[in-house]
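The values are calculated or read from the model by the stated rules, or taken from the named source; none is laboratory data. On a predicted model such as this, the values are computed, not experimentally measured, just so you know. When we count neighbours, we look across all protein chains shown, and the Cβ atoms used for this are built from the backbone with ideal geometry, even at glycine. The area values use the complete protein model at the heavy-atom level, side chains included, leaving out ligands, DNA and RNA. Shrake-Rupley method; radii C 1.70, N 1.55, O 1.52, S 1.80 Å.
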Amino acid sequence: MRCFNMAAFLRWASVGARPTQLLGLLFLLWVAGAGSAAAQADAAGSLAGKLTAYQQRGPHEKLFLHLDRPVYLSGETMWFKVYAVEGTYSRTLALSSVAYVEVLDAEHQPVLQTKVALKNASGQGSFLLPASLAAGSYTVRAYTSWMKNFGPEGYFHSAITVINTLTASGAGSKDSATYEAQFFPEGGNLVKGLRSKVAFKITDKSGKGIAADGKVLNQSGAVVATFKTLRLGMGSFAFTPASDQEVYTAVVAPGKAPAIRRKLPRVYAQGYVLRLENTSPDQLTVTVNATNSQPETVFLLAHSRQKAPVALQAQLVNGQASFVVSKAQLLEGVSHFTLFNAAQQPLCERLYFQAPQHRLAISAQPDKAQYTTRDKVSVQIAAADQQTPLPASLSMAVYRLDSLNTALPPAIDRSLWLTSDLKGTVENPDYYFTTTSPEAAEAADNLMLTQGWSRFRWEDVLAASPKPFEFLPEPNGLLVRGRLTRPGTNQPKPGVMTFLSSPSRITQLSNSQSDADGRVQFELNNFVGAQEIVVQTDPKQDSTGQLTIFDPFSAQYSGAPLPSFGLTARFQNDYAKRNLQAQVQNVFSGKYRSRFAAQPVDSLPFFGKPNETYLLDKYTRFKVMEEVLREYVPGVVVRIRKDGFHLQVVDKLNKTVFEDNPLVLLDGVPVFNMNKIMAMNPLKIRKLDVIDGHYFQGLAVYDGIVSFTTYKGDLEGFSLDPRVLVQQYEGVQRQREFYAPRYDTPQEKQSRLPDLRNLLYWNPNINTTASQPNTQYFYTGDQAGRYLVVLQGLASSGLSGSTSFVLEVKPVL
């Protein structure tokens, strides 16, 4: 497009252009200019609109786990509560009904796995740590099926320590004295001739920041920049690369340790550099420098958790442009500033953090200043938003402080507003929320400069045809995924109706038609504990296909390092004491460790209330199934043809008889061979249900249903077809009940049973109201000392918070 020459226009206008000509041309220029500005504004808005559309199609989901304590002995029970929120404003989100929770070792191998039921965006669970579990640092991680679409970096992660004094440690960190240095150009790239800010992070093997200083050398060995760490091993320095052919090397000296050498990222001959500056308490300035001196339109998108409150455009003039952004426009937490060219291709990105203005204020007031052993403790709990009481869902843990339990557990608001939006490890996240000094602001900026992960890819956001998500959410129960293939090959068998059931007195059945890739998925409601599942195809469509059920746990792992671990000689007495306490508790209270809450049972079959029900014990019992059906079940007609028995259900609505066999079930398992069901001993059948009309389930249509139920719901020895897949499948875990003794009476206080609990109290279901506080009661044990009370919680509005205080327990004099 040709550029308009304003000087030539002015010369033409001054030498005699008619007024009408002049006005007409000015109007055309105004229209052209307005159209160009509108097009640029539309382009900036289009980027924001595409991100919004992506967010609507792929809502952002986060999990937070409140663990009862940070250190465990092998053989103890780990308790946790799951909070589920939407990722933008941290409001409760009931998208998923199942959370997947794992304990990973230092090699990212799962040592424990479970599925936890979520109801109203929260759930609770536990792990019984095996006595053989090796000592070391472990990671607890949690995610949902939907979260698997966006990579393991977005899962919840928390490090714990396990101590095993009975076996040798197998998970200690080796070579923990080595160091690592990483360098991060602001915006992403170093460009020849353009001044950049380069952030750096110096850490030990476990990812903990350490103090160091260093210098940057060119290929000739000349020093071109120097640097020194500020807080937590991070800092930044200014640097202008002289050549894209030059390789720059940083020499880092971490204290008295030997210096290490690391290459800086490569230098590009052409490109863009982004610089963000905190120019005032209310504003940010974003400056763009480019090697291209030609005029060019660029767009800046400020987005946070898939919301884009700021979309601006500017013209690069002589390779430079700037944007002014009001901080009030940005969302709280971590924001991404992404620069795009006129073709809407992302060029540079950097992060910015804005701490939340207020949080959920949780108050917890004990009834005494200190307590004695076996004393009753009363804690009054309330939640508020800036002094205004409001309802909130809380969890509470009380555990003994000693030399092993020194670190505070992760706080829910620190996780939801900071650490969950970053890929790397964040050391001491509390610092960025509680300190407002210039040094803290600089430390937060250095933290953002050393991060750069996003849960989505711009290629997916900007794609003309969005790629479908592989993993669906689970709003109503577990989704069991599998694949149907041709025998002996990996070739899919599409379009085949497949059935999944679990033998039980409660008749539940799910079906799925295989897609073009042979994939099937089944929804299981109220599937609790380990049960046997039976998966098969309709033999009319397929009798040779091979079924495989997929592992529902994620096989992707983030590379975050674990804290270093090693048993310390000076804590040997503490290890022995904790071991003695755990052994005593196991002997005297071990029987309470496997108490489970009563599970509500829905006894209604998947097809609802049947049209006919026959309790066969109310009738004279026959020894032949044919006689039972002919004598007592008029709604089912028995026919004998060349291939054997056939059953036909009487369609009472249309006053006719269905031609084809109905869906026949035995304890919920489909039986397609009528001869086998007719050969079964009817004395093993307790109940028979009949649906006397067409029944639609998914894509399947049944000509009625005949459901047989045995006394135990275990098929009573019925032989299934050899081609049927039968395997154990783990449902959501049963809820283990937390046990703590009570000392209400003098006799209970004088009991000779020892009480050496390390964890005094755990309650994942505390609910506050706007009208009155919640009061929790528990009892101290036989150990004097200091006990940490930790409360974490979330309001439906998205406010989150935590609080803690120490209880002093003195021995009885």
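Relative to the longest principal Cα axis of the chain, at what angle does helix 438-449 sit, 0 to 90 degrees, rounded to 10?
70 degrees
Return a single number: how many Lys pairs in segment 634-718, at a sequence separation of 8 or more or on separate chains, have alpha-carbon atoms below 26 angstrom apart.
Going through segment 634-718 pair by pair, I get 8.
Along the charge dipole of segment 192-333, pointing to its positive end and built from +1/-1 on Cβ of Lys, Arg, Asp and Glu, which listed residue (Thr297, Thr240, Gly207) has its Cα farthest out?
Gly207
Give the carbon-plus-sulfur fraction of the accessible surface of segment 668-710 in %, rounded to a whole number; probe 1.4 Å, heavy atoms of protein chains only.
Reported share for carbon and sulfur atoms: 55 percent.
Of all alpha-carbon pairs in segment 453-505, indicate the percentage at a distance above 13 angstrom.
Pairs farther apart than 13 Å: 77 percent.
Treating segment 588-705 as a set of equal point scatterers at the Cα positions, no solvent, please give the Debye-formula log₁₀ I(q)/I(0) at q = 0.10, 0.16, 0.17, 0.21 Å⁻¹.
Log10 of I(q)/I(0), two decimals: -0.38, -0.79, -0.88, -1.31.
Starting from the Kirkwood radius over alpha-carbon pairs of segment 411-475, derive D by Stokes-Einstein at 37 °C in a medium of 0.692 mPa s and give it in µm² s⁻¹.
226 µm²/s
Determine which aspartates and glutamates satisfy two conditions relative to Lys197: a Cα distance under 14 Å, and not lying fewer than 8 residues away in the same chain.
Excluding near neighbours in sequence, the set is Glu186, Glu277, Glu349, Glu442, Asp445.
Report, to the nearest 10°, how far helix 572-589 tilts away from the longest principal axis of the Cα atoms in the chain, using its own Cα long axis and a range of 0 to 90°.
So the inclination is approximately 30 degrees.
Residue farthest toward the positive end of the dipole of the chain, with Cβ of Lys/Arg at +1 and Asp/Glu at -1: which of Val584, Gln365, Tyr702?
Val584
Be a star and scan segment 531-562 for residues whose amide nitrogen sits under 15 Å from the point 7 Å along the Cα-to-Cβ vector of Leu720.
It comes to 531-539, 546-550, nothing else.
Can you compute the helix-only [θ] at 222 nm over the chain? Use -39500 (n - 2.57) per DSSP H run of at least 4 residues, normalise by all residues, nearest 500 deg cm²/dmol.
That calculation yields -4000 deg cm²/dmol at 222 nm.
Over the Cα atoms of the chain, what is the Rg over Rh ratio if Rh follows Kirkwood?
Computed over Cα atoms, the ratio is 1.06.
Give me the percent relative contact order of the chain, please, defined on Cα pairs under 8 angstrom at least 6 residues apart.
15 percent
Using a simple charge model, +1 on the beta-carbon of Lys and Arg, -1 on the beta-carbon of Asp and Glu, nothing else, what dipole does the chain show about its Cα centre, in debye to the nearest 20?
Here the size comes out at about 800 debye.
Mind ranking 528-536, 489-497 by how tightly packed they are, going by the mean number of other C-beta atoms within 10 angstrom, highest first?
Result, highest mean first: 528-536, 489-497.
Based on alpha-carbon atoms only, what is the radius of gyration of segment 658-813 relative to the globular estimate 2.2 N^0.38 Å?
Working it through for segment 658-813, the quotient is 1.91.
How long is the gain from Ala369 to Leu580 if the chain were fully straight, where each residue apart is worth 0.36 nm and the alpha carbon distance is subtracted?
The Ala369-Leu580 span can extend by a further 73.0 nm.
Looking at segment 68-224, send over the antiparallel percent of its DSSP beta bridges, to the nearest 5.
Close to 90 percent.
Hey, what's the chain come to in accessible area per residue, 1.4 Å probe, Å²?
Per-residue value: 47 Å².
Over every pair of different alpha-carbon atoms in segment 498-570, take the mean of 1/r and invert it; report that Kirkwood radius in Å.
Computed over segment 498-570, the radius equals 16.2 Å.
Which percent of the accessible area of segment 42-86 is formed by carbon and sulfur heavy atoms (probe 1.4 angstrom)?
54 percent
Please give me, ordered by residue number, the trypsin sites (Lys or Arg not before Pro) of segment 489-593 that lie in loop per DSSP and have at most 13 other Cβ atoms within 10 Å.
Lys540
Using a 1.4 angstrom probe on heavy atoms only, work out the carbon and sulfur share of the accessible area of segment 326-441 in %.
In segment 326-441, the share of accessible area belonging to carbon and sulfur is 51 percent.
Treating cross-link reach as a plain straight distance, find the aspartates and glutamates whose alpha-carbon is under 14 Å from the alpha-carbon of Lys307, omitting any fewer than eight places away in the same chain.
By straight Cα distance, Lys307 reaches Glu61, Glu86, Glu332, Asp421.
Give, as a single signed number, the net charge of other residues whose beta carbon lies under 14 Å from the beta carbon of Leu653, with Lys and Arg counted +1 and Asp and Glu -1.
Neighbourhood net charge equals -2.
Structure shown: which of Lys467/Lys540; Lys62/Lys423; Lys208/Lys810; Lys228/Lys256; Lys263/Lys423 lie over 25 Å apart, alpha-carbon to alpha-carbon?
Lys467/Lys540; Lys208/Lys810
Have a look at the DSSP beta bridges in the chain and tell me what percent are antiparallel, nearest 5.
About 95 percent, rounded to the nearest 5.
Can you run phi through the Karplus equation (6.51, -1.76, 1.60; θ = phi - 60°) for segment 346-352 and list ³J(HN,Hα) in whole Hz, with x for Gly and Pro?
x, 10, 9, 8, 8, 10, 9
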